[in-house]
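In what follows, a structure is listed as structure tokens, so that the remarks can point back to it.
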Amino acid sequence: MNNARNDVIISLMKTRIEKIDKLHIDEKIMKRAGKVLRKGGLVAFPTETVYGLGANALDEAAAKKTYAAKGRPSDNPLIVHIADVEKLDTIALQVSEKARKVMEVFWPGPLTLIFEKTDRVPFGTTGGLRTVAVRMPADEIALALIRAGGGFVSAPSANTSGRPSPTSAEHVADDLNGKIDMILDGGSVDIGVESSILDMTVEPPMILRPGAITKEMLEEVIGEVTIDQTLISEDSGQAPKAPGMKYRHYAPKAQLMIVEGETGEVVKAIKQIAYEQTRLGYRVGIIATNETVNSYTAGVVKNIGTRSNEHSIAKNLYKVLREFDEEDVSYIYSEVFDEAGIGNAIMNRLEKAAGHHTIQAQEITKLQKYRRILFVSNSDNCRGPMAAELLRHQSLTQEYEIGSRGMVVLFPEPANQKAEAIMRSQQMTLETHEATAFDEKDLDDETLVLTFEETQKWKIVSEYEHVKNVYTLSEYIEDERVVHSSPGEPLVVYGENFELLKELIGKLAEKLNEEAKHV
Ligand code: TXA
Ligand code: MG
């Protein structure tokens, strides 16, 4: 009953949203925000990692409010943010030499350290633990707020529990508007994934959550550092050392799946799945990169950043996951990213968002034999482009890049006018067609080459090495009829050829669909 009344009060609150310019911080606003914190209120603020939901860390009642606003289980401890190293001793005991060293190098910055707590820190803030997590953020607005608020600000990420962490003030407002006192809008964050957490109460120190400060970076400063095993093997059967890591955080509404493998293979697999699911009537989401985004032909595709700078991917990760919640997709397929550097944190969050659902790209790509079909005629201006266009209009269970080539093409001539007239009468067109000469690179393992006559097939077989998957159309579909070249013939002959071709292409589609079932 009590709880229910609390909820009503919280949801009626007016949330003030204040824009802050990092380079010219408005002292008046900071003073007001500080006062809200000192009085036990909640202020969301930017940090370099994600937005935090600030409260006075030494006030047990304020911690309770934080949990209520986020809808977060109260056994999940909060990080205490400080702005001056001298404040550390008020809240932490047994701060070792190693700890002082890492603080000197990485503070202010995206690194949280775990220490034994002092009595000044209420158990409400630490979720009942005898230890406290402490971080000094690098963001100027965060530092000013912490100072204005009394020096100790507890701040979980400012999202509703279970949603992706907020990387902009808009994300915070989407989740917490009406539930907290104030949001300081400092624009988009720099890093985009939460701080690294390093437990300094054990020897050697242990990473409980990967972030922008990596194991390698820490080891350079203090020597050996271990990693919580539960972060590495999903089924270790043990609870993670950072209580928050056990929840299925960062979960988008649609089921997310990570497609693993070499990038080229991953793209093929996602294309294949997206094509098939779109055919079945599902809307699917795809998380792609600068390098791959143009390869996709189906699905709702979002570009998360560039593989050449994984920091761009970290920065966009939560934004993209949030965007997909607005998209009404049933599944989201994400390319896998390199685990080096910040990639380790990216993959950790992505795997959690996916509930550890992964797909091996090769398990998918091995189910499709051909990805390209080329029709080869002499001059590539009549039968070939017609066949290609007819096949594109067939209902195919797998996606193919469909094209045509000619054995003797001297310049990129348009399609034959009579062929175009016939196609138009059938609501199709060869308008954009340009004749293209057959080339060695048209032969690869994934391309099915179909010639119209034996002569073209024979020419390819005798001229090139490693010839695979080259057939005459008749041979491939086991039908003796051949569509002959008809230059100079009257339109009726073109019409007859079209009818025959249409029938043969229908048989080809059937054969391709049949074969697709048996790979
Ligand atoms: O980058 C960040 O760290 C952001 C910004 C706002 O500073 N904050 C953040 O807080 O990510 P939160 O509450 O979303 O995540 C805190 C994590 C949880 O997984 C929690 O279990 C762990 O820190 N944690 C807090 N105190 C701990 C303690 N005493 N021992 C072990 N883990 C602790
Ligand atoms: Mg969080």
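None of the figures in this text is laboratory data; all of them are computed from the coordinates on show. For clarity, every value in this text was computed on a predicted model and none was experimentally measured. Glycine also receives a Cβ, built like all others from the backbone with ideal geometry; neighbour counts cover every protein chain displayed.
Note: region 81-171, Cα convex hull, 113 Å³ per residue. Checking the cross-link pairs 268/459; 179/319; 215/268 against a 29 Å limit on the alpha carbon distance flags 268/459; 215/268 as lying beyond it. Each Lys and Arg contributes +1 and each Asp and Glu -1, all at the Cβ; summed about the Cα centre of the chain, the dipole is approximately 2880 debye. The separation of region 319-397 from region 251-272, counted between C-alpha centres, amounts to 7 Å. Under the simplified labelling scheme, the residue 395-residue 340 pair shows an inter-label distance of 4.8 nm, with each label point 7 Å from Cα along Cα→Cβ. Taking every Cα-Cα distance in region 404-467 and sorting them into 10 Å bins from zero, the calculated P(r) comes out as 19, 41, 31, 9, 0 percent. Which one of 165, 425, 374 has its Cα pushed farthest toward the positive end of the charge dipole of the chain, where Lys and Arg give +1 and Asp and Glu give -1 at the Cβ? With unit charges placed on the Cβ atoms, the residue in question is 165.
For the chain, adding -39500 (n - 2.57) for each run of n ≥ 4 DSSP H residues and dividing by the number of residues yields -11000 deg cm²/dmol at 222 nm. Taking 25 °C and 0.890 mPa s as conditions, region 197-311 diffuses translationally at an estimated 142 µm²/s according to Stokes-Einstein applied to its Kirkwood radius (Cα pairs). Note on residue 502: lysines with a C-alpha under 22 Å away, same-chain residues under 8 apart excluded, are 418, 457, 511.
When the convex hull of its Cα atoms is viewed from all sides, region 449-519 shows a mean projected area of 5.8 nm².
Only Cα pairs under 8 Å and 6+ residues apart enter the sum, and on that basis the relative contact order of the chain stands at 12 percent.
Rounded if a/c is under 1.5, else prolate if a/b is larger than b/c, else oblate: which is region 23-98, with a ≥ b ≥ c the root eigenvalues of its Cα gyration tensor? Oblate, since a/c reaches 1.5 and b/c is not below a/b. Of the GluC sites (Glu not before Pro) in region 245-348, the ones in a loop by DSSP (not H, G, I, E or B) with at most 16 other beta carbons within 10 Å are 262, 291, 326, 327, 339.
Using equal-weight Cα scatterers in the Debye expression, the normalised intensity of the chain in log10 at q = 0.07, 0.08, 0.09, 0.11 Å⁻¹ is -0.54, -0.64, -0.72, -0.90. Each Lys or Arg adds one and each Asp or Glu takes one away; over the other residues whose Cβ falls under 9 Å from the Cβ of residue 92, this sums to -1. Charged side chains reduced to their Cβ positions (Lys and Arg at +1, Asp and Glu at -1) give region 199-334 a dipole of some 640 debye around its Cα centre.
Which loop-located GluC sites (Glu not before Pro) does region 355-455 contain, where loop means any DSSP state but H, G, I, E or B and the Cβ has at most 13 other Cβ atoms within 10 Å? Of the GluC sites (Glu not before Pro), the ones in loops of region 355-455 whose Cβ has at most 13 other Cβ atoms within 10 Å are 431. Ignoring aspartates and glutamates fewer than eight residues from residue 517 along the same chain, the ones with Cα atoms less than 16 angstrom from its Cα are 276, 363, 399.
Partner lysines whose Cα lies under 20 Å from the Cα of residue 117, excluding those fewer than 8 positions away in the same chain, are identified as 64, 87, 98, 101, 241. In the chain, a dipole from Cβ-located charges (positive for Lys and Arg, negative for Asp and Glu) runs towards its positive end, and of 275, 221, 334 it is 221 whose Cα lies farthest in that direction.
The average projected area of region 335-471, computed from the convex hull of its Cα atoms over all directions, is 12.3 nm². Ordering 408, 91, 348 by the projection of their Cα atoms onto the charge dipole of the chain, which places +1 on the Cβ of Lys and Arg and -1 on the Cβ of Asp and Glu, puts 91 at the extreme positive end.
In this structure the amide hydrogen of residue 286, modeled in the peptide plane, comes within under 5 Å of the amide hydrogens of 300, 301, 302, 333, none closer than 5 places in sequence on its chain.
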